[in-house]
1. Just the residues that are part of a loop (DSSP other than H, G, I, E, B) and surrounded by fewer than 19 Cβ atoms within 10 Å (Cβ to Cβ), please, taken from region B:157-173.
2. Just the residues that are more than 10 Å from every other protein chain (Cβ to nearest Cβ) and surrounded by fewer than 19 Cβ atoms within 10 Å (Cβ to Cβ), please, taken from region A:67-92.
3. If you go through region A:134-142 one residue at a time, do you hit one that is away from chain B (no Cβ under 13 Å) and among the hydrophobic types (A, V, I, L, M, F, W, C)?
4. What are the residues in region A:117-136 that are in contact with a helix residue (DSSP H, G or I) (Cβ under 6 Å, 6 or more places away or on another chain) and of a type in the set (D, E, K, R), if any?
5. Restricted to region B:62-73, and to residues that are surrounded by fewer than 20 Cβ atoms within 10 Å (Cβ to Cβ) and touching a residue at least 40 places away in the same chain (Cβ under 8 Å), which residue is nearest to B:Ser217 (Cα to Cα)?
6. Among the residues of region B:153-174, is there at least one that is assigned by TED's automatic domain parsing to the domain that holds B:Ser103 and under 25 Å from B:Asp64 (Cβ atoms)?
7. Look through B:Asn77, B:Asn104, B:Asn137 and report the one residue that is of a type in the set (S, T, N, Q) and in contact (Cβ under 8 Å) with a residue 60 or more places away in the chain.
8. Within region A:139-151, is there a residue that is without any contact (Cβ under 8 Å) to a residue 60 or more places away in the chain and over 30 Å from A:Asp204 (Cα atoms)?
Amino acid sequence: MSPVISIHNLNHFFGQGQLRKQVLFDVNLEINAGEIVIMTGPSGSGKTTLLTLVGGLRSAQSGHLQVLGQELCGAGAGELTLARRHNGYIFQAHNLHNSLTALQNVKMGLELHNHLSVADMQTQAAAMLEHVGLGNRLHYYPDDLSGGQKQRVAIARALVSRPKIVLADEPTAALDSKSGRDVVTLMQTLAKEQGCTILLVTHDNRILDIADRIVTMEDGKLTGNSVLAAA
Amino acid sequence: MMGWLQTIQRRTPLGWLQLSRERSRLLVALSGIAFADVLMFMQLGFQNALYDSNTKMSRALDADIILVSPQARNTQNLSTFSRRRLYQAQDIAGVKSAEPFYSNVITWKHPDTQKETSIQVIAFNPDRPALNLPEVNQQLNELKLPDQVLFDRKSRGNYQTALTKIDQGQVVATEVERRTVTISGAFALGASFGSDGILIASDQTFLHFFPKRDAASASLGLIHVKPGYDAKQVATELDAYLPNDVRVLTHQEYIQFEESFWKSESPIGFIFGMGTGMAFVVGVVIVYQVLSTDVNSHLKEYATFKAMGYRNQYLLAIVFEEALILAFLGFIPGFVLPIGLYQLAAKATALPIYMTTVRAIAVLILTVIMCMISGAIATRKLQSADPADMF
C-alpha cells in the first residue's frame, strides 16, 4: 500500500536573520491510506507546525513532503490552495460562520467542488448533518447550538466533501469528556466508512485508543512511533 | 459567461447573510450612506438651482441673436455698448429687427417694510415685447405710463402683503431712487443667486431710475431674424460686419455664456463641487469603518475558509458584495429624503430646487464608487486572515 502522506528529512524554520529558529528537525513519517494516526507531545514541540505543513496552510521549506502524490515542498500559494481542497480540516475551535445556519456551514464544504448542483449540495449537506446526529438542527445558527453540537457541525463540514485526508488539531480541547469522546468516535466511524486517513494532534490521553498508531514529538523531532495492537 | 452565472447561483450569498445577521451594524452603515447621499443631493441640487435660476432670465429673452458688450460677465453685470451697433446690424440682409434692452441693479424700498434691498431692473420699449412671458406681454400697456413697473412674484423675501394687494387690483406704491413708483402688476420668474428679484420697466422709466445712463447705451441688443434665414449664419455675418466692441451670440450661445460664467468664474460652482466631494469622503470613511469592523469580526471564519481551500478572491468578493449591497440599500433612503428636503429648501430660498433623474443616477454611481473604495480599503484587513498563523 502506498503512503498518502510521505515526509522525508523535513526541516522547518521560523523567523528571519538572527531570529531564525529551527522548529522541525529531520522529520520522517509515512502514513498509509486509511490509517488513524495520533500525534502527541508537549506544547511547542512542533506538532501543529507539522500539521499545517501537511495541510498546505504553510509552505514547506526543505526536505520532501508528499501528500496524495503531490510534492508540497516549494509549492506556490496557488498550488497550496488547490491542495487544501483534498483535506478536511478540523480545528480546536469549531470556527463555524455565525451568520450561516448549520446546513449553510456544511454546504460551504461542498461549494469548492464544482461538479455538484445546488440541489445536490443541499441534500448531501443535510444527509451529512443527519449522519452526525443533527438532522433536527439543520437550520439552527451556531449560537443556538451547544459546544459539542458545534464541533459535530464542524466535522460534518470537514467530511461532507469526502476528503482523502482529515487533519484535526486538538478537536476535543474545548469539549467536556463526554462530548469529546462522542466527537472522536464519530470521526473514527466516519473515517472508516469513507476510507479516509486521519492525522490528529492532541494532548488528550482519553482518546488515544482510537488510533492505529501514535507518534510522539518533542523539540521538533519525532521521538516515538508505536503501532497499537488492533483492538 | 454561463460558467460565471452558474458560479453566482451556486455561491452562498455570504455578504448578504453577514450583513442581515448584524442588524444594528447594517443600520449604522445604511444611515451613514444615506447621510452622505443626502449631503451630495443637497449640494448638487443647490448647484443646479444656481445654474437654472441664473439663466432663467436669459432663457426668457425673445430673440434669435443677442448683442452684448465684450465686458459683460453675467445678467447682473452686463456693461453697455453703443446703440449705434443695433442700427448697423440692420444693414445685414437677414436681420428683421434690432432692439435695445436695458438692465441694472438698483436699491428699492420694500413695499411692505420700507427697508432697502437691491433688485434687478430690466427695461425695453413696451411696444416691442422682449420677453417670452405671456403674463408680461399682456401687461405691457401698463408700463407705458411713467414710473410704473411689473414685479416678480417669486422674488426672495416676504412680499405677501404687497402681492395680495396687487392681485386684488389695488395700487401698491414704493420708492426707487427717491422716485415714487407704482407696481401695476406681477409676473413669475424667480429669484437667483445674483438678484433677489426682478422689476420690469419701460425704457423711459429705466432712464428715470438711472439718470446717468442714456438711451444710447444698451445692455443687450435683441435681434430677430427674418423668416427663412438661419440665426447661426446671420450671427456669423454680423460678427464679421460689426466692430469688435460688441459680441454677437445666438440665443443658445448667450445662455451657455451665462451658465459658463457661474460654472467657472464664480466661486459658487467650486464650493458646491467641494461640498459634494466632502460628502463623498465622509461616506467613504463611514462605510470603511463598518466594513472593516465586519471583516475583523469574521477573521477566524475567513481563515477557516482559506484553510478549506477557498481562494483569496472569494473573500474579496464577500467584502465587495457587502459594499454593493450597502450602496444600493443606502441609496434608497438617501434618495427619498432629499425629495422632501428639496421642497423645504425651495420654499425657504425661492430657488428652483428639484430632483432630476440625471442627478439621481449620478449620485447612485457616486454611491457605488464610494462603497467600492471603502471595500477596497477594508480588504487590506483580509491579509491577516492567515490560517497558518491563526491556529
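1. B:Gly157, B:Asn158, B:Gln168, B:Gly169, B:Gln170, B:Val171
2. Passing the criteria: A:Leu68, A:Gly69, A:Gln70, A:Glu71, A:Cys73, A:Gly74, A:Ala75, A:Gly76, A:Glu79.
3. yes
4. If the condition is that a residue be in contact with a helix residue (DSSP H, G or I) (Cβ under 6 Å, 6 or more places away or on another chain) and of a type in the set (D, E, K, R), then no residue fits.
5. My answer is B:Pro70.
6. Taking every residue of region B:153-174 in turn, none turns out to be assigned by TED's automatic domain parsing to the domain that holds B:Ser103 and under 25 Å from B:Asp64 (Cβ atoms).
7. Result of the check over B:Asn77, B:Asn104, B:Asn137: B:Asn104.
8. For region A:139-151, residues without any contact (Cβ under 8 Å) to a residue 60 or more places away in the chain and over 30 Å from A:Asp204 (Cα atoms): present.
The values are calculated or read from the model by the stated rules, or taken from the named source; none is laboratory data. As the structure is a computational prediction, the values presented were derived from the model and not from experiment. Every residue, glycine as well, gets a Cβ built from its backbone with ideal geometry; the counts of neighbours run over all protein chains shown.
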